[in-house]
Ligand code: SAM
Ligand code: DTB
Ligand code: SF4
């Protein structure tokens, strides 16, 4: 077990940016992470919740709203994704969205309580001709008072520089699964390609949002390996979305065996323990979860969600269900413009 991750007292305040004794580690071994997974369920969840309270306000949840700024027709073959042109997913194919439409969506998201606005495009990587409009989108969303995040696929150092100059706050680029399982899910790019884009992003000083998906036919060893790659990044990703596969008709993974609820909660708890200061986002798949399941995930250390009616192509839990759930649990969405402690930027180092 990770000795230095253990904590003995429960605090109640938000992190003040100090280390508070729970030093961040970037040298997690598979054995240590496996030992966390093997803890009795309640011991694991309690430990994760204690770590959570050392660094975050336990009643606050970050709300991020997604907008699909370019849907469908993607040349990549990600086995989970309805937007790949390579399998018969039924996602709509649209061109890159107009700036005014993005601005309207951002304004509505802010009015509905979002703190961050995440723009996703079904690209392998953006073309040079896309960049001016993408830059204008970042500026428009910032003018609406929201944090900005984009997920556009692979980026060159020059594209990263342009995004940075436009003021982009976060870049989402998921490793999705373990290095060992990766080629069973995606063949059109390598795990290393993902790490390279992440390095460019971090080198430029844009905060990294990087996580994965559970339910891709991976084993526990793969989940351990995926979390180890994330936890050995230096610094840890500022945001770690943990998606539960939303099985999309027509994709190779449409009939994948769903990941067990307890295993999913364990994974959230382990993510919280090994990346104590990162936002752990209970990402895709919430709509298919009961209120109780989501509550366990929050208890285990999740403190960020996607808010709004839609994810990229599929429905999200939705504002009414979320308002009810947060009220039932005594949680609240963090206001926009709330500065938070994040990891600092240095090069990504991976095992
Ligand atoms: N095309 C870009 C890329 O793949 O980097 C950005 C958009 S892509 C849809 C963003 C992330 O959404 C993927 O890396 C994956 O983790 C997640 N995702 C996509 N389809 C999903 C699904 N059906 N269920 C859960 N997560 C999914
Ligand atoms: C992330 O980790 N999850 C989001 C966001 N980053 C871009 C995407 C979830 C997509 C769910 C399936 C869909 O809507 O097509
Ligand atoms: Fe394309 Fe991203 Fe979907 Fe993969 S996950 S097919 S890169 S849109």
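Of all beta bridges DSSP finds with both residues in the chain, what is the antiparallel percent, to the nearest 5?
Numbers: 1 of 35 bridges.
Taking every DSSP beta bridge within the chain, about 5 percent pair in antiparallel fashion.
Taking the Cα centroid of the range 299-327 and of the range 182-220, what is the distance between the two, rounded to the nearest whole Å? First find each Cα centre; the distance between them is then 24 Å.
For the chain, the longest principal axis of the Cα atoms and the long axis of helix 191-203 meet at an angle of about 90 degrees.
Over 21 Å, how big is the tail of the calculated P(r) for the range 29-151, in percent of all Cα pairs? Show your work: numbers first, answer last.
Values: 4324 of 7503 pairs.
I get 58 percent for the Cα pairs in the range 29-151 exceeding 21 Å.
The label point for residue 100 and the one for residue 60, both projected 7 Å from the Cα toward the Cβ, are 3.7 nm apart. Stokes-Einstein diffusion of the chain at 25 °C, 0.890 mPa s viscosity, Kirkwood radius from Cα pairs, rounded to a whole number: 122 µm²/s. Compared with the dominant Cα axis of the chain, that is its longest principal axis, helix 319-329 is turned about 10°. For the pair the range 136-156 and the range 92-134, the centres of their Cα atoms are 7 angstrom apart. Taking one quarter of the surface of the C-alpha convex hull of the range 147-204 gives a mean projected area of 4.0 nm². How far, in degrees from 0 to 90, does helix 261-274 lean away from the longest principal axis of the Cα atoms of the chain, to the nearest 10? Once rounded, the angle reads 80 degrees. Remark: relative contact order (the range 25-331) = 24 percent; criterion is Cα-Cα distance under 8 angstrom and separation of 6 or more residues.
Coordinate-derived values only; no laboratory data. Model, not experiment: these values are computed from the prediction. When we count neighbours, we look across all protein chains shown, and the Cβ atoms used for this are built from the backbone with ideal geometry, even at glycine.
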